[in-house]
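Here the structure is laid out as structure tokens; the discussion comes afterwards.
The values are calculated or read from the model by the stated rules, or taken from the named source; none is laboratory data. Please read all numbers here as calculations on a predicted model, not as lab measurements. Cβ placement follows ideal geometry from the backbone for every residue including glycine, while neighbour counts extend to all protein chains displayed.
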Amino acid sequence: LMENGVAVRSVPMEPGGPGQPTPVGTFRVAWKDRVHRSDEYGDEMPNSVFFAPGGIAFHAGPLDRPSHGCIHLTEEDSALVFDRLPVGAEVEVDR
């Protein structure tokens, strides 16, 4: 997590797996939903911060299981990211 170009917190995460990789690149936060459920998979996605086409988001999820393309964060870190990233904020995903 960065503020004014300075890293302020590093968070553990789990990206999408080989069959459904998380897209890489620079994106903008498109929308957010504190209590979200995936229409496609039926999974709970707490603290969702959507940033890429196809419903790709940062959200709370297991760190020991790849997502369907999203980025899983701990419950605490997903709440922090949700609170700190406004709609329109730039995010960068790099592998």
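The strands (runs of 3 or more DSSP E) found entirely in segment 10-84 that carry 2 or more residues being touching a helix residue (DSSP H, G or I) at 6+ places or on another chain (Cβ under 7 Å), surrounded by 17 or more Cβ atoms within 10 Å (Cβ to Cβ) and at pLDDT 95 or above are 56-60. Test V6 against the criterion of being in contact with a Lys or Arg (Cβ under 7 Å, 6 or more places away or on another chain) and without any contact (Cβ under 8 Å) to a residue 60 or more places away in the chain, and give yes or no. Judged against the criteria, V6 is not a match.
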